[in-house]
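**Q** The structure is given below, and queries will be raised subsequently.
The values are calculated or read from the model by the stated rules, or taken from the named source; none is laboratory data. Bear in mind that the values here come from a model prediction, so they are computed numbers and not experimental data. With ideal geometry, Cβ positions are generated from the backbone for all residues, glycine too; neighbour counts draw on all protein chains shown.
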Amino acid sequence: MRNPIVRLLVIIPLTGLLLAGALTAAWLALGAPQPAHAATWFTVHRVESAASFTEAPDAPFYVLVLGNDGRTDADPGLGDAMHVIGVNPATGDASMIDVPRDTEAPSGGKINAFHATGGLPATVDQLDRMMGINISYAITTNFPGFVAMVNEIGGVNIEVTEPMFDHDSGTEFAPGTYTMLGDSLLAYSRDRKSYPAEGDRQRTVNQGKAIIAALSTLRGQNPGAAGTARLVSILARHVRTDNMDLTQMYDLGRLALSLDPARIKNVVVPTGASGNGTNLALTPAARDLFADFADDAILQSH
Amino acid sequence: MPESKTRVSRVRRAALLAFAAATMVAVGVTASPAGAAKKPKPVVKMSAGDLTVYKVGNDPQALPDDVRDQVMATLLGYVNAATVKPLQTGSADPTALSAALAPSVAARLTGPDRTVLLDEGLPKSVSKIVVNAAPVKLTGLADGDGKVVVVTANLDATTTTKTAKGKMSIKRNGELVLTPADGTWKISGYTLFVDRLGKGLGPTTTATTTPVTPGAATAPAATPGSVAK
């Protein structure tokens with residue numbers, strides 16, 4: 001086959017045949033091609049011992065929402081934004097306790113460090129012990145996931161009540177109402193330097209406000225049971241789950257979207273100096289707060 | 001002569017009475033079994049409307065026919081058990097209900113939602129029961145393997161019939177959530193609104209539900225006298 005044209009006529013079909021054979025072999029070995037899994041925005045962890053909705057549809061339960069400062073999926077990051085949401089299905093009410101990242105953990109050290117070393121299970125364990133509750137679900141997202149999620153829903157409406165201008169976090173907000181896309185909302189949620197007196201506490205409050213505002217946006221965009229199906233189908237392409245299937249995720253989503261954001265109480269854990277470095281110690285008022293929270297997942301007297 | 005006139009009129013009167021009695025017996029004999037046999041048969045008009053499927057992976061391209069058919073069969077079973085049967089007999093059909101409702105929803109029948117889910121305690125129907133439902137919009141959610149794991153159904157049904165006191169209508173609308181269980185589809189969640197209108201109904205004839213858990217709801221206090229006539 002010295003003639004190059006003849007050689008090409010042989011080589012091209014032969015290459016195609018080999019390629020087809022390789023693809024067939026891969027199909028047989030690996031199974032049918034799966035849709036490419038999109039970038040992971042967040043992780044949902046269901047505590048194995050947690051009762052399912054069908055087992056206890058009226059039982060109050062708790063959800064940890066944790067923002068970590070990981071820049072990649074491989075980096076678990078510190079748990080720098082921690083919010084425990086109590087839901088009482090029987091009344092349709094919810095309350096949220098915001099935990100400053102420097103709060104001293106029951107096992108000692110700052111509570112935000114537990115995510116970096118033990119992930120969601122370790123953080124859940126510390127918060128359970130701190131508050132006297134049993135958290136059933138934990139959700140975490142990192143910086144890129146947070147930004148992508150917020151951009152996907154077209155931004156979140158936030159009311160800024162004080163000037164926020166901080167180079168480190170990237171805030172440039174005069175008081176007013178903003179529809180914030182991912183980068184802006186991330187900056188808003190990270191800014192503590194615009195609050196000289198309250199610092200991290202006010203930042204923690206703002207993070208809680210961002211969560212409630214996001215819930216409000218999602219409710220508006222995805223009304224009813226069918227709307228929940230739409231939302232879950234989008235989120236499920238970007239989620240990593242532990243101990244949860246799609247039906248349970250739908251159930252959780254439907255419940256979340258049935259809550260009225262205007263009725264969600266948002267309270268920061270009362271803390272004071274601990275004398276142990278920059279750690280924040282729980283005050284007696286924190287014990288009262290947790291007792292109020294632990295009985296039925298709702299804050300009545302706070 | 002006067003005596004014979006009296007006799008004739010007595011005979012005539014007796015003959016008339018005998019004829020009337022025979023007529024009444026004849027009518028009674030023929031009418032009674034026919035009336036029992038012609039108990040009006042209920043009519044339930046319900047069909048699938050727009051079909052949508054949201055999916056995590058690439059499939060399915062549409063809501064599968066078998067899922068649509070099974071879901072519609074469950075909805076039909078629910079309407080018959082929860083509305084038609086109570087209007088006929090005064091109480092719901094527990095066997096048919098347990099086939100249509102997931103345990104979490106069936107558990108709600110012991111609470112205030114019972115009045116929203118079932119049409120019990122109303123005056124019995126004395127005429128044909130007609131249920132007219134708008135085409136039921138079905139929305140499915142499929143997992144990464146293409147399996148439909150949740151279906152939502154928009155229900156908008158109006159039931160009309162007559163009771164001894166007059167016309168009665170029941171309008172029930174909202175969303176139902178169905179999930180597969182034991183090889184069939186069952187109602188595992190709901191948001192329902194019910195309006196009942198008619199003479200002889202009690203003062204609490206309107207109720208709504210708000211889903212606070214998947215598969216569960218709490219009915220707020222009914223609106224006294226809001227639609228009773």
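**Q** Select the strands (runs of 3 or more DSSP E) contained entirely in segment A:78-177, then report the ones holding at least 3 residues which are under 20 Å from residue A:297 (Cβ atoms) and touching a Gly at 6+ places or on another chain (Cβ under 7 Å).
**A** A:93-99
**Q** Shifting gears a bit: Do the conditions hold for residue B:152, that is, is it more than 30 Å from residue A:246 (Cα to Cα) and either part of a strand (DSSP E or B) or more than 9 Å from chain A (Cβ to nearest Cβ) (or both)?
**A** Working: more than 30 Å from residue A:246 (Cα to Cα): no; either part of a strand (DSSP E or B) or more than 9 Å from chain A (Cβ to nearest Cβ) (or both): yes.
Taking the combined requirement at face value, the residue does not satisfy it.
**Q** From the residues in segment B:50-59 that are more than 7 Å from chain A (Cβ to nearest Cβ) and either at pLDDT 95 or above or in contact with a Pro (Cβ under 7 Å, 6 or more places away or on another chain) (or both), which one is farthest from residue B:136 (Cα to Cα)?
**A** Going through the qualifying residues, I end up with B:53.
**Q** OK, next. Return the pair list, or none, for Cβ contacts closer than 6 Å from residues in segment A:90-113 that are among the charged types (D, E, K, R) to residues that are assigned to a strand (DSSP E or B), at least 6 apart or on different chains.
**A** Filtered contacts from segment A:90-113: A:98/A:83; A:98/A:268; A:101/A:80; A:102/A:110; A:102/A:280; A:104/A:281.
**Q** Within segment B:119-140, how many residues are under 30 Å from residue A:234 (Cβ atoms) and either part of a loop (DSSP other than H, G, I, E, B) or not polar (S, T, N, Q) (or both)?
**A** 6
**Q** It is to be established whether one or more residues within segment A:150-169 are buried (at least 20 other Cβ atoms within 10 Å of the Cβ), under 24 Å from residue A:112 (Cα atoms) and either basic (Lys, Arg) or away from chain B (no Cβ under 14 Å) (or both).
**A** Yes: one or more hits.
**Q** Please enumerate the residues belonging to segment A:217-255 that are among the polar types (S, T, N, Q) and either within 20 Å of residue A:47 (Cβ to Cβ) or within 9 Å of another protein chain (Cβ to nearest Cβ) (or both).
**A** Answer for segment A:217-255, where residues must be among the polar types (S, T, N, Q) and either within 20 Å of residue A:47 (Cβ to Cβ) or within 9 Å of another protein chain (Cβ to nearest Cβ) (or both): A:228, A:233, A:241, A:243, A:247, A:248.
**Q** Okay, moving on. Do you know which residues across segment B:151-164 are under 17 Å from residue B:69 (Cβ atoms) and either out of contact with any Gly (no Cβ under 7 Å at 6 or more places or on another chain) or free of Cβ contacts under 8 Å to residues at least 40 places away in the same chain (or both)?
**A** Selection gives B:152, B:153.
**Q** Kindly indicate the residue of segment B:103-140 that is within 14 Å of chain A (Cβ to nearest Cβ) and buried (at least 21 other Cβ atoms within 10 Å of the Cβ) and also farthest from the chain's Cα centre (by Cα) among those meeting that condition.
**A** Looking only at segment B:103-140, we keep the residues that are within 14 Å of chain A (Cβ to nearest Cβ), and these are B:103-113, B:136-140.
With buried (at least 21 other Cβ atoms within 10 Å of the Cβ) added as a condition, the list becomes B:104-105, B:108, B:136, B:138-140.
Working: B:104: 22, B:105: 18, B:108: 19, B:136: 16, B:138: 21, B:139: 24, B:140: 25 Å.
Checked segment B:103-140; the qualifying residue farthest from the chain's Cα centre (by Cα) is B:140.
**Q** From the list B:71, B:67, pick out the single residue that is within 21 Å of residue B:193 (Cβ to Cβ), in a helix (DSSP H, G or I) and in contact (Cβ under 8 Å) with a residue 40 or more places away in the chain.
**A** B:71
**Q** Under 6 Å by Cβ, and 6 or more places apart or on different chains, what pairs join a residue from segment B:175-203 that is within 9 Å of chain A (Cβ to nearest Cβ) with one that is of a type in the set (A, V, I, L, M, F, W, C) and assigned to a loop (DSSP other than H, G, I, E, B)?
**A** That search, which allows pairs on different chains as well, returns B:188/B:102.
**Q** I need every pair where a residue in segment A:120-147 that is over 19 Å from residue A:243 (Cβ atoms) has its Cβ under 8 Å from the Cβ of a residue that is surrounded by fewer than 21 Cβ atoms within 10 Å (Cβ to Cβ) and of a type in the set (S, T, N, Q), sequence separation at least 6 or different chains.
**A** Listed pairs, sorted by first residue: A:126/A:107; A:129/A:107; A:142/A:72; A:144/A:72; A:145/A:40.
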